[in-house]
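The values are calculated or read from the model by the stated rules, or taken from the named source; none is laboratory data. On a predicted model such as this, the values are computed, not experimentally measured, just so you know. Note that each Cβ is placed from the backbone with ideal geometry, even for glycine, and that neighbours are counted across all protein chains shown.
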Amino acid sequence: MNILIVEDESRIAKRIERMTRDIFGDALQSLTHISTLPEALVFIEKNSLDLVLLDLNLNGADGFDLLTTVVSESFHTIVISANKDQAIAAFEYGVLDFVPKPFNRDRLEQAFNRVSTKEKTENNKIKLLAIKKRGRIQLIPIEDVLYIKGAGVYTELFLADGKKELHDKSLEKLEQLLSPTFERIHKSYLVKISEVNGVIVESGSKYMAELKNGILIPIGRTKYKDIKAKWI
Amino acid sequence: MNLRFLPCVFFILLLVTACSQSSVYNKNETVFRVGDQPEWAAPDWNDQGWGKRIGLVTEGKMYWSRTKINILKAPESLHPYGIQLDVYGEYEVFWDGVLIGQNGNPGQEAILQPEGKMWASFSIPTHLTEEGEHLLAIRSSLYYFPDHYGIYGLKMDNYDDLLNDRLIESSYMHLFAGAFLIASFYFLFLFLSNKKEYATLIFSISCFLFFALILAEFMKAYVPIHYSLHVVRLQIIGTLMLGISFLIPFYFSMQFPFPKRKLLLTIYAGVLLFIFLSKPNHVFELTANNMALSMWLFSFGIVVFGVYKRMKGARLVLLTFLISVPIGFVTPFNKSLFAGFSLILLGMFYLLSLRIKEQRLAYENSLVQSTRLRLELLKKNIQPHFLMNTLTSLIDWVEESPKKGVLFIEALAKEFDLFNQVENQKLIPITQEIALCRTHLEIMEYRKEINYSWQEEGIDDKQKVPPAILHTLLENGITHSLPLKDNSIKFKLIYEANSHYRCYTFLTFAAVVERTTNNSEEGTGLKYIKARLTESYHSKWDLTSEPTNHGWKNTIKIYSKGT
């Protein structure tokens with residue numbers, strides 16, 4: 001586990017650091033604390049991370065600028081903030097969890113469990129997916145996304161207007177964030193359930209999900225039973 | 001708005017009906033002769049040799065006047081005609097040779113006390129008022145004003161109407177005057193309760209002068225004024241006119257301020273005084289007329305300027321000025337004067353009501369603003385960014401180092417206590433404000449683990465400042481600063497004062513965080529400071545906020561006088 005803590009309150013940063021070390025134990029490979037926004041951005045660019053713990057109010061700056069950047073990255077983000085009213089917005093941007101201050105070890109552990117157990121958020125609050133495009137961050141509304149295809153460590157977002165965009169997060173991570181609006185029907189596909197018109201059985205017991213716009217997406221053999229139980 | 005003009009409309013109608021009655025007689029030219037012969041009363045006396053003018057009638061000498069009058073219509077039965085005279089002197093009145101009345105003691109003025117009145121009405125026996133030519137002869141002496149011979153006013157009508165009409169007219173005018181008297185008192189009291197509002201005082205005085213003017217003009221209907229005192233009355237009227245003619249443009253100059261106001265007003269006052277003192281040929285009406293005209297022209301200029309500058313209420317006032325013009329042409333002078341004045345006073349009244357409304361709104365706004373600021377101050381300690389971060393740190397201290405945790409709690413308790421003390425005040429002693437800042441630093445030291453230090457220079461303990469303005473600057477300083485290499489941030493408060501201003505300079509010595517995005521949190525902080533400064537010092541303050549090579553610099557200047 002490579003973890004970055006972005007927090008400008010020194011005492012709180014130490015607390016997070018101590019608890020994180022305690023919870024992850026040997027699984028922790030690196031743990032870094034940074035207290036300013038520009039330094040954090042540089043660090044994220046240069047290092048490979050698994051998790052970022054982010055305070056949204058850094059030296060009076062608007063943390064949402066940083067938030068859009070971090071959520072477009074491949075790692076998960078957990079926000080630790082004093083402003084509970086930022087929670088909804090944070091979830092809309094696609095953070096894995098929002099830990100309100102003051103927090104204790106249990107609450108932090110609960111958040112970390114989501115990372116390690118690949119637990120799904122089940123909150124349905126995410127509204128936007130941030131992607132990096134030509135060096136800038138672009139926000140794509142979830143309602144425009146029809147399905148997502150895994151492509152190695154990246155994913156491809158297929159949009160309603162026929163366009164295709166790349167996202168840095170893996171299909172597993174997006175599945176965590178997008179469930180239950182999206183369903184993993186294949187090891188390489190995540191489909192928005194509301195877009196599925198029906199299931200077509202092809203020869204050789206191949207199952208295909210037909211989307212409203214006619215596109216066919218394969219359904220994994222192992223997934224079919226679950227899906228059938230859910231949909232029919 | 002239209003309702004406000006209703007009384008004026010009534011007044012104008014009254015004037016118009018009063019002026020449009022058809023006459024029952026016509027009058028020939030009056031001829032005069034110095035001397036005293038009883039035969040001169042006779043209708044058939046030959047007055048061919050009499051003059052239209054005679055010289056001075058000095059030392060109470062007697063003189064006679066004869067006026068031929070044609071009665072066009074005989075009176076109805078039981079409604080005898082009367083004659084109303086406006087004549088200087090003490091005299092006897094003969095109608096067709098018959099003595100019909102006496103006003104004072106002609107010829108004996110030097111010996112006896114003044115008796116009689118300027119305006120007198122006499123009943124004429126019915127049998128002497130047939131249609132046709134009649135003769136009015138007046139036997140008169142002019143002890144006090146030897147050059148004021150002649151008949152200044154003559155009116156013939158039903159005797160009852162002659163008496164009643166004047167009383168009715170004057171009673172209406174007195175009602176009118178009463179309204180202005182009440183307005184005058186009302187606005188005087190309004191002024192006394194708020195002595196800064198000179199416009200209300202000016203308006204109150206104008207209303208009172210107008211009340212006095214109406215009284216002076218119309219009291220002749222019921223107060224017998226001897227002709228020797230008539231000039232005194234005219235002088236009083238002239239003086240009242242002078243006052244009103246100056247105050248009305250003065251009032252408008254306050255409501256619609258224009259450049260070079262003092263100079264123009266002084267020139268105008270000079271013009272008025274010149275008109276007042278020069279008294280062309282002792283014709284008082286002309287003096288009053290000239291003053292009214294100057295007043296109208298100058299005020300009109302001011303109001304036009306107000307309209308040009310789009311000042312509030314100027315258009316409506318301009319309208320009242322324009323309306324007063326046709327009234328001036330339609331009605332005789334003394335009536336148009338009152339109609340015009342009252343219209344203009346109504347315009348002034350309207351302006352004043354506008355201003356009062358503005359003030360009330362401003363006051364209500366200030367109340368709302370004060371409440372808002374108080375809430376904002378209270379919020380400082382419970383806003384989540386402060387409270388939750390503090391509590392999180394506190395929990396950590398308690399868990400890791402309980403003794404330090406207790407000190408932290410004590411610092412927090414002290415800041416809460418200080419906030420409670422200043423919460424409902426507009427100004428607090430600077431010492432209290434500094435205590436607030438120091439406690440805040442103590443708390444932040446536990447949270448941020450940075451060595452904060454506080455320095456003061458030249459602080460005057462007697463000074464007061466709005467609550468939490470330095471505290472807000474300090475908060476901004478903490479938020480936007482990174483510690484120096486030795487993990488310290490230093491704040492310094494410097495106070496300077498001279499006869500023009502008092503100045504607080506607040507310095508932050510730190511590595512400043514680059515302010516990349518527009519910063520809403522700092523924005524609200526500065527807004528709070530500005531609102532507090534405005535609340536206590538109106539516009540007499542200045543706030544600057546700028547980076548320096550050592551960190552950040554804020555200055556708050558409070559001026560002694562208006563800028």
Query raised in the report: Just checking, how many residues over region B:115-173 are of a type outside the set (A, V, I, L, M, F, W, C) and part of a loop (DSSP other than H, G, I, E, B)?
Result: 14
Report summary line: B:THR390: passes all of (1) more than 55 Å from the chain's Cα centre (by Cα); (2) away from every other protein chain (no Cβ under 13 Å) but (2)
Report task. Output the number of the condition that B:ASN158 fails; it satisfies all remaining conditions of (1) touching a strand residue (DSSP E or B) at 6+ places or on another chain (Cβ under 9 Å); (2) within 15 Å of B:TYR91 (Cβ to Cβ). Result -> (2)
**Report entry** Qualifying residues in region B:122-153 (those that are within 16 Å of B:GLN102 (Cα to Cα) and surrounded by fewer than 18 Cβ atoms within 10 Å (Cβ to Cβ)) - the one modelled with the lowest pLDDT
**Finding:** B:ILE151
Requested in this report: Specify the residue that is farthest from the other protein chains (Cβ to nearest Cβ); the eligible residues are those in region A:81-92 that are farther than 16 Å from A:GLU9 by Cα and of a type outside the set (D, E, K, R).
Outcome: A:PHE91
**Report entry** Only listed residue being at pLDDT 90 or above, of a type in the set (A, V, I, L, M, F, W, C) and exposed (fewer than 15 other Cβ atoms within 10 Å of the Cβ), chosen from B:LEU263, B:LEU240
**Finding:** B:LEU263
**Report entry** Hey, A:VAL95 buried (at least 22 other Cβ atoms within 10 Å of the Cβ), more than 9 Å from chain B (Cβ to nearest Cβ) and not in a helix (DSSP H, G or I) or not
**Finding:** yes
Query raised in the report: Do any residues in region B:399-428 that are free of Cβ contacts under 8 Å to residues at least 40 places away in the same chain have Cβ atoms under 9 Å from those of residues that are small (Gly, Ala, Ser) and surrounded by 14 or more Cβ atoms within 10 Å (Cβ to Cβ), where the two are at least six apart or on different chains, and which pairs are they?
Result: B:GLU399/B:GLY405; B:PHE408/B:SER393; B:LYS414/B:ALA435; B:LEU418/B:ALA435; B:ILE428/B:ALA468
**Report entry** Residues of region A:202-217 satisfying the condition of being of a type in the set (A, V, I, L, M) and either at pLDDT below 85 or in a loop (DSSP other than H, G, I, E, B) (or both)
**Finding:** A:ILE215
Query raised in the report: Which fully enclosed strands (runs of 3 or more DSSP E) of region A:1-80 have 2 or more residues being of a type in the set (Val, Ile, Thr) and more than 10 Å from chain B (Cβ to nearest Cβ)?
Result: A:2-6, A:30-34
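Yes/no per residue for (1) of a type in the set (Val, Ile, Thr); (2) more than 14 Å from chain A (Cβ to nearest Cβ); (3) touching a Lys or Arg at 6+ places or on another chain (Cβ under 9 Å):
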| site | (1), (2), (3) |
| --- | --- |
| B:ASN381 | no, no, no |
| B:ASP396 | no, no, yes |
| B:PRO402 | no, yes, no |
| B:PRO429 | no, yes, yes |
| B:LEU441 | no, yes, no |
Query - strands (runs of 3 or more DSSP E) (entirely within region B:31-99) containing at least 3 residues that are among the charged types (D, E, K, R), at pLDDT 90 or above and under 53 Å from the mean Cα position of the chain (by Cα) - result: none
Query raised in the report: Can you find even one residue in region B:476-483 that is away from chain A (no Cβ under 14 Å) and either at pLDDT below 95 or within 15 Å of B:ASN554 (Cβ to Cβ) (or both)?
Result: no
Report task. Inspect region A:117-135 for any residue being loosely packed, with under 14 Cβ neighbours inside 10 Å and of a type in the set (Ser, Thr, Tyr) and give the result as yes or no. Result -> yes
Query - Set A:GLY94, A:GLY25, A:GLY60: member being within 17 Å of the chain's Cα centre (by Cα) and at positive phi - result: A:GLY94
Query raised in the report: (1) of a type outside the set (A, V, I, L, M); (2) surrounded by 22 or more Cβ atoms within 10 Å (Cβ to Cβ); (3) touching a residue at least 40 places away in the same chain (Cβ under 8 Å): which one isn't true of B:ASN103, the others all being true?
Result: (3)
Query raised in the report: Since A:VAL199 meets every condition but one in (1) under 16 Å from the mean Cα position of the chain (by Cα); (2) hydrophobic (A, V, I, L, M, F, W, C); (3) modelled with pLDDT under 85, which condition does it not meet?
Result: (1)
Query raised in the report: Considering only residues of region B:383-433 that are loosely packed, with under 14 Cβ neighbours inside 10 Å and acidic (Asp, Glu), which is nearest to B:LEU470 (Cα to Cα)?
Result: B:ASP417
Report task. Take B:SER366 and decide whether it is of a type in the set (Gly, Ala, Ser), farther than 26 Å from B:ASN194 by Cβ and assigned to a helix (DSSP H, G or I). Result -> no
